[in-house]
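Student: Starting off with a structure, shown below.
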């Protein structure tokens, strides 16, 4: 009986290790993420042929927060449905690089976060150029 249990544990361990080595994750997010602005991000389970693995599973995650009922709450588990997990109101409160990890498969990525005030620069530059050139292009 003990040998059977031991063999099952070893078999399960090797299966989960092989499953983890076959999986990777693709992060779908905006190229520019502004701090304190909620965004939708999604994760896709990808196999070694770069195809989405269509199965339901859950994986633990670190470094993710979501705006739920006007409060930032940490997301500890990503629920994949047909290989896709969606975080509808992901929020990053600090600028710099945000590190998101899924330790079960050894995956991590860094997402550049810019401070909110930097979003004012493009319209200010446009206004300044219009004042200097004394021309406004209306499209």
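Derivation of every value follows stated rules applied to the coordinates shown; laboratory data play no part. Predicted model, so just to flag it, every value in this text is computed and none were measured. Neighbour counts are summed over all protein chains in view; Cβ atoms, including those assigned to glycine, are modelled from backbone coordinates with ideal geometry.
Student: How about segment 43-59: which of its residues are loosely packed, with under 15 Cβ neighbours inside 10 Å and more than 25 Å from residue 32 (Cα to Cα)?
Tutor: Matches in segment 43-59: 47, 48, 49, 51, 54, 55, 56, 58.
Student: While we're here: Spot the failing condition for residue 49; the list is (1) in contact (Cβ under 8 Å) with a residue 24 or more places away in the chain; (2) under 18 Å from residue 22 (Cα atoms), and only one is missed.
Tutor: All conditions are met except number (1).
Student: Sticking with this structure for a sec: Within segment 18-42, which residues are over 19 Å from residue 102 (Cα atoms) and surrounded by 13 or more Cβ atoms within 10 Å (Cβ to Cβ)? Spell out how you get there, then give the answer.
Tutor: Going residue by residue through segment 18-42, those that are over 19 Å from residue 102 (Cα atoms) are 30-39.
Residues satisfying the conditions are 33, 34, 35, 36, 37, 38, 39.
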